[in-house]
Amino acid sequence: MFGVWAPDDEVAKLTYFGLYALQHRGQEAAGIATSDGRSLLVFKDVGLVAQVFDESSLASLRGHLAIGHCRYSTTGRSSWENAQPTLGGTSGGTVALAHNGNLINSAELREVLAERHGGSLRASTGEVGRGNTTDTALVTGLLTSDEDQTLEAAAMEVLPMLRGAFSLVFCDEQTVYAARDPQGVRPLVLGRLERGWVVASETAALDIVGASFVREVEPGELLAIDEQGLRSRRFAEPDRKGCVFEYVYLARPDTTLNGRSVHESRVEMGRQLAAEHPVEADMVMPTPESGTPAAIGYAEASGIPYGAGLVKNAYVGRTFIAPSQTIRQLGIRLKLNPLRDVIRGKRLVVIDDSIVRGNTQRALVRMLREAGAAEVHVRISSPPVRWPCFYGIDFATRAELVANGLNTDDIRASIGADSLGYISESGMVTATEQRQDQLCTACFSGRYPIGTPEDHRATDVLELEFPVRRGSDPTDVGTLDVQRMQETDSEGEPPAGVRDVEGVRVGSALGASDALTRP
């Protein structure tokens, strides 16, 4: 996410470059909202930032403030309807909102929103009633559900109701807001331009737009930025539980999290890993790019030479984030290619940041053996991922996790390695230089600092029964049968299957076009 208030700058282009720096956090859709003080315009579509925007679209987004988002879906399917920023509004103005994280009380929030609209979401004027199935749309709906409240007052009422991980950037026609959950699970930072302010998910995005780092948005804090300057309010007491997986994998290595360099954390994880799991070998090599800093640390601590045994296609997205298993497996083959002359006949230590489903490592070990490696020893700079994440990472069921029910030797056999070693949880935490009690390690330990969804539907409670074209893969983007959604029965109602569980009509043909324009 990215937000900027800068009256003298081209805010759409600043946001574009900010999102470009944050593309690693989401690759399914992108969007930017801008305001000139009188009206607020959103432009969004599925695809990478560079695919969604060009010079003409950015030129149409004029104003003194902007927010932007690149999507990685954890609730709601991967479709244009669920792209962000989401829109909502009252008679007094319009609201656009971007969200990084995942809420665990979506079912409860849906009931509250329905009650505010007379017991049904039919009366909702926001994106919930227009086909958006994300928890983000719920938050936007709640912020705009009271015509008599200012947005800031609504935020102070709604934010304490949210449970889970949420870093938010939102705006109306005049003001940019930023908020972070009391645990600070997902990162959010504040930066200063010469004549404005920036908020972003990572410090690397500040660097690319020439903003200086000021501080983190504190857990439980709401910031407002307008012509009066910067002001801060607290909606909850902080209880910091930052996601340790940000240090392991999610964040860019050139980002700083809570005062600690991500790159240095990963190098230190490699050093710890070498101390915990030594092996005799000829070369240490990373699985690029995320395994590179830890491989440097492992080579440094072990004295084994570091080498590059794989070439990565820089234009293929992260296989971990790709939304379907078929795409993940194809992506592994597209992504990496071995340097046969470098690895032939060598005993290799292959460093990777994590094993989630095991597909990447299984294919990688096979590839290295076929290229002539004498031995393949896999070392992982995080503990086994055994538990689902409810706070914004897409491994939501234990059945998807290769470490679920298997010991280390079983996993070694599964991926075909000669040996396998994981860093300990304490070694990983030590490398971050954060206090153990201020980190969320739920995916490794099963200890959930905010709790888990009480309702099994909580992460997909708004998922609607969209009709899909015959022969289409329902995980693909853009498979909605729009023609059928436009059809009506004899009473002028949508056909069966074009309603959610409460009978709310859905689809862009049923009202979204008055608020959103698809490029």
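Brief remarks follow.
- Dipole in debye (nearest 20) - the range 329-392, about Cα centre, beta carbon charges: Lys, Arg +1; Asp, Glu -1: 160 debye
- Fraction of the pair-distance distribution of the range 155-298 above 28 Å, Cα-Cα pairs, percent: 31 percent
- Local net charge near GLU300, Cβ-Cβ under 13 Å (Lys/Arg +1, Asp/Glu -1): 0
- Listed peptides 230-240, 159-169 by packing density, highest first (mean Cβ within 10 Å): 159-169, 230-240
- Of the GluC sites (Glu not before Pro) in the range 243-292, those whose Cβ has at most 10 other Cβ within 10 Å and which sit in DSSP loop: GLU280
- GLU276 versus ARG340: modelled label distance in nm, points set 7 Å from Cα along the beta carbon direction: 3.7 nm
- Stokes-Einstein, applied to the Kirkwood radius of the range 2-240 over Cα pairs at a viscosity of 0.692 mPa s and 37 °C, places its translational diffusion at 189 µm² s⁻¹.
- With each label modelled as a point 7 angstrom along the Cα→C-beta vector, the ALA308-GLN436 pair spans 3.9 nm.
- For the range 28-33, the Karplus equation 6.51 cos²θ - 1.76 cosθ + 1.60, evaluated at θ = phi - 60°, returns couplings of 9, 7, 8, x, 9, 10 Hz by residue, with Gly and Pro reported as x.
- Annotation: amide H of VAL217 within the under-5 Å range of LEU188, VAL189, LEU190, sequence separation 5 or more or interchain, hydrogens built in the peptide plane.
- Placing +1 on the Cβ of every Lys and Arg and -1 on the Cβ of every Asp and Glu, with nothing else charged, gives the range 2-240 a dipole about its Cα centre of roughly 400 debye.
- Over the range 2-240, Cα pairs under 8 Å with separation of 6+ residues give a relative contact order of 20 percent.
- Each Cα pair under 8 Å and six or more residues apart adds its separation to the average, and for the range 16-93 the resulting relative contact order is 38 percent.
- Overall form of the range 261-445 per C-alpha gyration tensor (a/c, 1.5; a/b vs b/c): oblate
- Taking the Cα centre of the range 261-445 as origin and assigning +1 to Lys and Arg Cβ atoms and -1 to Asp and Glu Cβ atoms, the resulting dipole is close to 700 debye.
Quick note: the coordinates plus some simple rules give every number you see, no bench work behind them. Quantities reported herein were computed from a predicted structural model and do not represent experimental measurements. No Cβ is skipped: glycine too gets one built from the backbone with ideal geometry, and neighbour counts run over all protein chains shown.
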